[in-house]
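Peer 1: Structure in structure tokens, see below.
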Amino acid sequence: MTDENEPRKTLTDRTQIYPGHREIIKEGQRRGQQKDYVVLAQEEIDKGFTRPYRDAYRHLKCGTVTTMGRTLCETYARDPFFYSGTFCVGCGAHFPVGEDGEFVWTADGQKVGT
């Protein structure tokens, strides 16, 4: 059952969320990432951004810059508090975002998730 006050969510390709989407990929170029990620549905994105659209962030621990696809960027721009963590391509793992998080946006140095 969903809370009608909660915004609708989909996967990054705008398909329905399925139970195995959080499984971690074990091999290949996307190793360490989830099979897919949850994003805000298009009707929520269409309400407008509350933060700038940004597509790259730096991991403060290793210095690697990671870029994201459009639907993830739009979700961060609409609701910067939507995610509790994000992926570092250099480390191949997920780490926290937010005030105490480990990432900053490359465009302006603001903490990801704030």
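Peer 1: Would you point out which residue out of Lys111, Lys61 is open to solvent by 70 Å² or more (accessible area, probe 1.4 Å) and at pLDDT 95 or above?
Peer 2: On the way: Lys111 fails: open to solvent by 70 Å² or more (accessible area, probe 1.4 Å).
Just a single option satisfies the conditions, and that option is Lys61.
Peer 1: Here is a follow-up. Looking at the range 1-33, which of the residues that are in contact (Cβ under 8 Å) with a residue 40 or more places away in the chain and over 16 Å from Thr75 (Cα atoms) is least open to solvent (accessible area, probe 1.4 Å)?
Peer 2: Gly32
Peer 1: Report, by residue number, each residue of the range 1-34 that is among the charged types (D, E, K, R) and either over 18 Å from Gly69 (Cα atoms) or modelled with pLDDT under 95 (or both). Steps first, answer last, please.
Peer 2: Taking the range 1-34 as the starting set, the residues that turn out to be among the charged types (D, E, K, R) are 3-4, 6, 8-9, 13-14, 22-23, 26-27, 30-31.
Answer for the range 1-34, where residues must be among the charged types (D, E, K, R) and either over 18 Å from Gly69 (Cα atoms) or modelled with pLDDT under 95 (or both): Asp3, Glu4, Glu6, Arg8, Asp13, Arg14, Arg22, Glu23, Lys26, Glu27, Arg30, Arg31.
Peer 1: What are the residue pairs meeting all of these: first residue in the range 37-66, first residue acidic (Asp, Glu), second residue surrounded by fewer than 13 Cβ atoms within 10 Å (Cβ to Cβ) and not in a helix (DSSP H, G or I), Cβ atoms under 6 Å, and 6 or more apart or on different chains?
Peer 2: Once the first residue is acidic (Asp, Glu) and sits in the range 37-66, its partners that are surrounded by fewer than 13 Cβ atoms within 10 Å (Cβ to Cβ) and not in a helix (DSSP H, G or I) give Asp55/Thr67.
Peer 1: What residue, of Glu99, Glu27, Glu44, is acidic (Asp, Glu) and touching a helix residue (DSSP H, G or I) at 6+ places or on another chain (Cβ under 7 Å)? Break it down stepwise before answering.
Peer 2: On the way: Glu99 fails: touching a helix residue (DSSP H, G or I) at 6+ places or on another chain (Cβ under 7 Å); Glu27 fails: touching a helix residue (DSSP H, G or I) at 6+ places or on another chain (Cβ under 7 Å).
Result of the check over Glu99, Glu27, Glu44: Glu44.
Peer 1: In the list Phe49, Phe82, which residue meets the criterion of being crowded, with 17+ Cβ neighbours inside 10 Å and not β-branched (Val, Ile, Thr)?
Peer 2: Values: Phe49 fails: crowded, with 17+ Cβ neighbours inside 10 Å.
The match here is Phe82.
The values are calculated or read from the model by the stated rules, or taken from the named source; none is laboratory data. Please read these numbers as outputs of a predicted model, since none were measured by experiment. Here Cβ is always computed from backbone atoms with ideal geometry, including for glycine, and neighbour counts include all displayed protein chains. Note: areas computed on protein heavy atoms with side chains; ligands, DNA, RNA excluded. Shrake-Rupley method; radii C 1.70, N 1.55, O 1.52, S 1.80 Å.
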